[in-house]
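This report concerns only the one structure given below.
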Amino acid sequence: MAFQKGGKKAQVFYIYPTLKCPLMQQARQLTTTILFVLNSLHANAQNFNRPVPAEVSPYEFIQYDTTFHGFYLTAPFPLGAAIADSLVNKPKTAMVLDAQGYLLWYAPLFSQNLLDFKYHPAQQQYSWIHYKSAEDIRFTLLDANLQLTDSFTTVNGILPDLHEFRITSDQTYLLSGISDSIMDLSAYSFNGVPGSSQTHAIGFVVQEFDEAHQLLFQWNSNDHVHPTEAYENYGYSPAGFDYAHGNAITEHPDGSLLLSFRNTNAIYKVNRQNGQVEWILGGKSSSFTFPNDPGFSAQHDVQILPNGNITLFDNANMAAPPKISRAVEYSLDTMNWTANRVWEYKYTPGFLSPAMGNHQTTADRFHLINYGLNYRPNPSFVLTDDEGNLLSQLFFQDSLVSYRSFIFELPMQQIARPVVSCNQENGVLTLSAPAGYNRYEWSTGESGAAISIDQPGEYQVWVNYGAGMLGSAPFVVSDLANACQPSGTASPLLIENKTVTGYYDVLGRQIERPVKGNLYVIRYSNGTAKMNFCTE
C-alpha cells in the first residue's frame with residue numbers, strides 16, 4: 001500500500017516527546033492562569049464537528065495536515081461501566097471516513113458487536129467480525145462494492161474468537177478460536193493460589209480454510225505453550241484460565257505465522273508445516289533480548305513490515321510507572337537474537353490504554369495508532385508521519401471505543417457518490433438527493449429525498465449502497481440568501497498542529513510532569529492551552 005506524500009522521504013528514528021518552554025514573565029503567567037481556569041469547563045466537553053445520520057454516533061475529527069489522501073476504516077462500539085443512554089439503541093456501525101474525516105460509507109448492524117473492519121488490498125475485499133454471541137461469531141467478507149459475499153466460522157468443536165480474521169497471500173482464511181482443555185496445574189501456584197489439577201486452560205486456536213470452507217490447518221496453543229508462561233498480573237481461575245488470550249495472527253513472508261498472546265506478553269513465530277514454535281519475542285521465555293527498550297506488555301496487533309521489522313501496539317499494562325501505551329517497531333537480529341527498537345510513538349501527554357488497540361504502518365511511513373479502550377479527553381485514534389508529527393486525530397463520543405482502526409487506499413473511483421443539489425425559491429432553501437434510491441438518511445435526521453434548510457451549517461445525505469449507506473460530499477451553507485451559488489461544497493479548514501511545549505500547575509509554574517490527583521495545564525506551540533486532571 002502506498003500513499004502520495006509530499007516533501008522529503010522520512011527516515012526512521014527514535015521519537016521521544018520533549019518539553020520545551022519559553023520563559024514567561026510573572027504577570028503573563030498569572031493572566032494565562034486565569035484564562036486557563038475560565039476555559040477549563042470547556043476542556044473536557046464533547047465537541048462534534050462532522051455531520052452524521054441519526055443512527056451513527058457523532059465524533060470529532062481534527063485534521064492538521066493534507067499529505068494523507070486515503071481513507072479511514074473503523075467500527076466503534078459502546079463499552080464501559082456507564083454507557084451513555086444515547087448509545088443503547090444505536091446499531092453498531094462499520095465506518096469509512098474520507099481523508100478529511102467525513103463519513104463516506106457506513107453499515108448499521110443491530111447486534112452485540114461489529115469489529116475489525118478492514119480492507120484487503122491484494123484481494124480487493126473488505127471484512128469484519130460480526131459478534132452475535134460467544135458461540136456465534138461470523139468472519140464476514142464484502143467485495144469491492146461493499147456487498148456481502150461470504151462468511152466463515154470455526155469448526156471441529158472450536159469456539160470462534162472475536163480477535164482476528166486474515167486473508168493470506170494464497171487466498172486462504174485465518175480465523176481465531178478458543179479451546180478449553182483440562183490441565184493438571186497442581187504443581188504450580190498463581191499469585192499464591194495453588195493451581196488446580198482440573199484447571200480449564202483456555203487455549204488460543206488458529207484455523208485456516210480455503211475458499212470452499214475446507215479446513216487446511218489447525219494449531220492449538222494448549223499443545224505448544226504451557227500456561228505457566230502467563231503472568232500473574234492477568235489473573236488465574238481454575239474454572240477458566242485464559243493464560244494466552246491471543247489477539248493477532250499475521251502471516252510471515254516465509255509462510256510461518258506470528259501470533260500475539262496478550263497474557264504472556266509475547267509474540268510467537270509458529271511453523272505452518274509442523275506447528276512448532278520457532279522463536280518467541282518477549283515474555284518469560286523470549287528468544288530475544290531488548291538492548292535499547294524495556295519490552296512490551298499486554299500487546300496487540302503484531303505486524304511484519306516488508307523490511308522484516310516487527311510493529312505492534314504496546315498497551316504497557318505491566319510497564320514501569322508512568323504506564324504509557326505506545327506504538328513501537330523493532331528490528332529483529334536472529335544471529336545475535338536481539339530486538340532493537342527503531343521507532344516508537346507516545347501521545348503527549350501519555351496515557352494508558354489497558355485493552356485493544358492497533359498500530360498500522362504504511363509503505364510511505366504513515367502510522368495509524370488506534371488506542372482501543374480509552375475515552376475522552378484522550379483520542380480514539382491518531383495519524384502521524386514518521387517524525388511523529390500529528391496529522392489528524394479522532395475522538396469518539398464518550399463510552400465508544402474501537403478495537404482496531406485502519407487507513408487504506410480504496411477502490412472508490414468506480415463508486416458514484418450521491419450529489420446534493422440546491423434550489424432556492426420564494427425564500428425556501430431545498431437540498432435534494434438523486435432519485436432512484438430505496439433509502440435516504442440526512443444529517444438532519446430526516447429520511448426523505450429532499451429537505452428544507454433554515455440555518456447555516458454542513459449537510460450530508462446517505463443513500464443505500466452495498467451492505468450499507470453511501471454518503472455525499474458535505475454541502476456547506478454559509479449564507480442562506482446565496483446558498484445555491486456557487487456550489488456549497490467546501491473543504492474544512494486545517495487546524496494547526498499542537499506540539500506540547502510544557503506542563504504547568506494551576507498557578508502557572510512549570511512542572512516536569514503532572515502529578516496524580518492534581519489539575520495541570522498543557523501549553524502548546526500555537527499558543528493554546530488545556531487544563532486536565534491527572535489520573536495516572
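Laboratory data are not the source of any read-out in this text; all were calculated from the coordinates shown. From a predicted model like this one, the values you see are computed outputs, not experimental measurements. Note that we place each Cβ from the backbone using ideal geometry, even for glycine, and neighbour counts take in every protein chain shown.
Here are a few things to note about the model shown:
- Potential extension, D85-D150 segment - 0.36 nm per residue separation minus Cα distance: 20.0 nm
- Dimensions (Å) - the stretch 421-476, Cα atoms, principal axes, largest first: 38, 20, 17
- Projected label distance in nm at A449 and I511, using a 7 Å step from Cα toward the beta-carbon: 6.1
- Net +/- balance of residues flanking Y268 in space, Cβ distance below 11 Å, scoring K and R +1, D and E -1: -1
- Note on E55 and A187: with the Förster distance fixed at 45 Å, the Cβ-Cβ geometry gives a FRET efficiency of about 0.25.
- Of the GluC sites (Glu not before Pro) found in the stretch 342-443, the ones in coil according to DSSP and having at most 14 other Cβ atoms within 10 Å of their Cβ are E387.
- Loop sites in the stretch 210-257: GluC sites (Glu not before Pro), DSSP, at most 16 other Cβ within 10 Å: E211
- In this simple spin-label approximation, A212 and Q46 carry label points 7 Å from Cα along the Cα→Cβ vector, and these lie 5.1 nm apart.
- Annotation: extensible slack from T334 through L480 equals 46.0 nm (criterion: 0.36 nm per residue apart, minus Cα-Cα distance).
- Label separation (A239 vs F110): 3.3 nm, computed from points 7 Å beyond Cα along the C-beta direction.
- Potential lengthening of the chain between A363 and S421 amounts to 17.0 nm, from the contour at 0.36 nm per residue minus the alpha-carbon distance.
- Remark on D161: its backbone amide H falls under 5 Å from those of S176, G177, I178, a criterion applied only to residues 5 or more positions apart or on other chains, H modelled at 1.01 Å from N.
- 15 Å reach of a label modelled at H200, 7 Å along Cα-to-Cβ, counting backbone N of the stretch 152-171: 158-160
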